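For reference, the structure is listed below as structure tokens.
The values are calculated or read from the model by the stated rules, or taken from the named source; none is laboratory data. This is a predicted model, so every value here is computed, not measured. Here the Cβ positions follow ideal geometry from the backbone for every residue, glycine too, while neighbour counts run over all protein chains shown.
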Amino acid sequence: MCGIVGYVGQQQALEIVVAGLRRLEYRGYDSAGVAVISDGELSVRKKAGKLANLETLLGSDPMPQSTTGIGHTRWATHGGPTDSNAHPHVSEDSTVAVIHNGIIENFAELRSELAAAGVHLASETDTEVVAHLLAHELPNADDDLPEAMRRVCRRLEGAFTLVAIDRSQPDVVVGARRNSPLVVGVGDGENFLASDVAAFVAHTKQALELGQDQVVVLTADSVTVTDFAGEPVEAKPYLVDWDASAAEKGGYDLFMLKEIAEQPRAVADSLRGRITKDGRIQLDETNLEEATLRSINKVVVIACGTAAHAGMVAKYAIEHWTRLPVEVELASEFRYRDPIVGPDSLVIAISQSGETMDTLMALRYAKTQGARTLAICNTVGSTIPRESDAVLYTYAGPEIAVASTKAFLTQIIAAYLVGMYLAQVRGTMFEDEIRRVLLQLEDMPSKVDLVLDTTEGVRELARDLANSTSVLFLGRHVGYPVALEGALKLKELAYMHAEGFPAGELKHGPIALIEDGVPVIVVVPSATGRADLHDKVISNIQEVRARGARVIAIAEEGDEGITPFADHVIRIPVVPTLMQPLVATVPLQVFACELATAKGHDVDQPRNLAKSVTVE
Ligand code: F6R
């Protein structure tokens, strides 16, 4: 949510900042803006809409050359997506420019205070107050921007990443962070600040994690970190382990298409090194103590959106393998209902970005209750893994398309590994059973590859259904979260009514939605693995067909029993029931992507959304 870039060094700041914003645009694309300092003056350009609009403006109204600059791409919270609400915001005396990610919760009080002092506020944003407060604090801070920033931060409530420059300190960029993400890129004679390493990985792979309530001061040759009180603190260095090319389209028209295609590799990478030659799981990297795993009496998964669907899939597997109850909680609801969680609970926070504010807040709540916490995360060094007791990284690689695809599959893999590990440690599965499941997991990259080889039928169908007004998705058992995920992908990309239901629940109400020609996509359980569920789903299909639905079945190869009951059958490879989500989800991703493309939508950056949701 909102992309932030700051640069100070020897190169032209504007080029570096705009290139960084391009890599961060997935975080928000309601408006974009930049500021540089040249000849003791601030220069600002900003424009509503996508980054391309700002680039057009920069073409017609060029900025002066400068080696210090900041830039922002916005996902609107306070104030609509207009030119005047775009960041950077500048103090009345044009001394300070500031960009911000997050929400300043006491902004109304601060706005009134500024208005009473005669300050004219030019935007509807919460951010603008910071620019004015910084300008007011500078004289009290001996005109030192870092000290002014610390003073202002002590007054702010809420979540924020702030980056500011001051025209009288042209070689300095100052950042501050509470709850929202901010990382430092350490270069040679140049330094970077960004919400995500993607913004600077083309220049340096040396990064520093900033902690809570810290202020960082960059010059071309130094990086200094303090807390909000001004006490020096040490930032943790780490090396970014992927190349800039991983965050590029690599010949695909869309990031989403590339990321769908990367799934076999992502699944294989997420398994690598975690299964021993003799068929056991080893998760030493997580520092999960076996004694703790033996002592817990339940597992609670906290996550949002697609990550929550991965948790729902994992519930079926973990309960089956460990006989521990698994609760899957939407993180945004968790801490508001006095949940039963404590020292006997293992709380698993699943998050691609590691920055989702709802999940972070739920995690913090679980920690206050004494729970043992484990993050399943894709973004190394992000806040959720940093604040968890243990972490299991997924190795999906950077996910840039706003709609999550490869993260989902790898989250399931990681959660399954945790489930198997629990079973191994707690002795709830025999060794040969564990070996068998691990072999099934190791077989999944090639099975996902098979699905990807046969997507033409799905794409044709998607184009055919592009004018539908509503699509329903049905599933049973692990097919139910897959149905939810299929519906979510369609909603977010195609902007059409789509809902996922447990197939057996339809008759309790939602069946009233069925009318002539409504497409109903059904994830059909394995005919061989779960004949009981398969037959029940066939009955559910008949119920909707009798009411005019057009049925599209996602069914395994060789399941001829389904053929008479479906208008179309999309085939997936035969895999054990608990593995089916890993293959059945892929056609649904392709379906949503193709249908949204047919409707002319921007698939990688769907309207109203942003990739990393860092506000509650
Ligand atoms: C859907 C999607 C979102 C995210 C959700 C959680 O395609 O991307 O629903 O899954 O916002 O994000 P993370 O996993 O970053 O916590």
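Residues checked against (1) under 24 Å from the mean Cα position of the chain (by Cα); (2) in the same structural domain as GLU485 (by TED's automatic domain parsing):
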{"site": "ALA401", "(1), (2)": "yes, no"}
{"site": "SER404", "(1), (2)": "yes, no"}
{"site": "ARG426", "(1), (2)": "no, no"}
{"site": "VAL437", "(1), (2)": "no, no"}
{"site": "ASP464", "(1), (2)": "no, yes"}
{"site": "SER468", "(1), (2)": "no, yes"}
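Out of (1) modelled with pLDDT of 95 or more; (2) touching a strand residue (DSSP E or B) at 6+ places or on another chain (Cβ under 7 Å); (3) surrounded by fewer than 17 Cβ atoms within 10 Å (Cβ to Cβ), the odd one out for ILE37 is which? Against the list (1) modelled with pLDDT of 95 or more; (2) touching a strand residue (DSSP E or B) at 6+ places or on another chain (Cβ under 7 Å); (3) surrounded by fewer than 17 Cβ atoms within 10 Å (Cβ to Cβ), ILE37 comes up short only on (3).
Please state which one of GLU319, GLU327 is assigned to a strand (DSSP E or B), out of contact with any Ser or Thr (no Cβ under 7 Å at 6 or more places or on another chain) and either charged (D, E, K, R) or within 16 Å of the ligand (Cβ to nearest atom) (or both). The unique qualifying residue is GLU327.
Taken over segment 539-550, the criterion of being in contact with a helix residue (DSSP H, G or I) (Cβ under 8 Å, 6 or more places away or on another chain) and either in a loop (DSSP other than H, G, I, E, B) or surrounded by 19 or more Cβ atoms within 10 Å (Cβ to Cβ) (or both) is satisfied by ASN540, ILE541, VAL544, ARG547. Please verify whether segment 575-595 includes one or more residues that are farther than 30 Å from ALA198 by Cα and surrounded by fewer than 20 Cβ atoms within 10 Å (Cβ to Cβ). Yes: one or more hits. With the structure loaded, tell me whether VAL44 is crowded, with 16+ Cβ neighbours inside 10 Å, touching a strand residue (DSSP E or B) at 6+ places or on another chain (Cβ under 9 Å) and among the β-branched types (Val, Ile, Thr) or whether it fails that test. Yes, satisfied. For the residues GLY251, GLY311, the requirement of being more than 24 Å from GLY479 (Cβ to Cβ) and of a type outside the set (S, T, N, Q) singles out GLY251. VAL240 meets each of the listed conditions (1) without any contact (Cβ under 8 Å) to a residue 24 or more places away in the chain; (2) in the same structural domain as ARG22 (by TED's automatic domain parsing) apart from (1).
Within segment 556-579, is there a residue that is assigned by TED's automatic domain parsing to the domain that holds ARG476 and within 16 Å of the ligand (Cβ to nearest atom)? Within segment 556-579, none of the residues are assigned by TED's automatic domain parsing to the domain that holds ARG476 and within 16 Å of the ligand (Cβ to nearest atom). Considering (1) away from the ligand (no atom under 16 Å from the Cβ); (2) assigned to a loop (DSSP other than H, G, I, E, B); (3) surrounded by fewer than 18 Cβ atoms within 10 Å (Cβ to Cβ); (4) touching a residue at least 40 places away in the same chain (Cβ under 8 Å), the lone condition that LYS536 does not fulfil carries the number (2). Taking segment 176-236 as the region of interest, the strands (runs of 3 or more DSSP E) fully inside it that hold 1 or more residues being under 16 Å from VAL380 (Cβ atoms) are 183-186, 191-194, 206-209.
Checked against the criterion of being of a type outside the set (S, T, N, Q), buried (at least 24 other Cβ atoms within 10 Å of the Cβ), in a loop (DSSP other than H, G, I, E, B) and under 19 Å from the mean Cα position of the chain (by Cα), the candidates ALA396, ALA349, ALA375 yield just one match: ALA396.
When ALA498 is tested against (1) under 24 Å from the mean Cα position of the chain (by Cα); (2) in the same structural domain as ALA291 (by TED's automatic domain parsing); (3) of a type outside the set (Ser, Thr, Tyr), only condition (2) is not met.
Against the criterion of being closer than 27 Å to THR379 by Cβ, in the same structural domain as SER91 (by TED's automatic domain parsing) and surrounded by fewer than 18 Cβ atoms within 10 Å (Cβ to Cβ), GLY158 qualifies.
Restricting attention to segment 47-57, the residues being surrounded by fewer than 15 Cβ atoms within 10 Å (Cβ to Cβ) and among the aliphatic types (A, V, I, L, M) number 1. In segment 183-196, which residue that is surrounded by fewer than 24 Cβ atoms within 10 Å (Cβ to Cβ), in contact with a strand residue (DSSP E or B) (Cβ under 9 Å, 6 or more places away or on another chain) and in contact (Cβ under 8 Å) with a residue 60 or more places away in the chain is farthest from VAL130 (Cα to Cα)? Applying the filter and picking the extreme gives GLY187.
Among the residues of segment 359-366, is any within 12 Å of the ligand (Cβ to nearest atom), of a type outside the set (Lys, Arg) and over 21 Å from ASN179 (Cα atoms)? The answer is no; no qualifying residue exists. The residues of segment 375-405 that are within 12 Å of the ligand (Cβ to nearest atom) and farther than 22 Å from GLY3 by Cα, listed by number, are ALA375, ILE376, THR394. With respect to the conditions (1) on the phi > 0 side of the Ramachandran plot; (2) touching a Cys at 6+ places or on another chain (Cβ under 8 Å), ASP143 falls short on a single one, namely (2).
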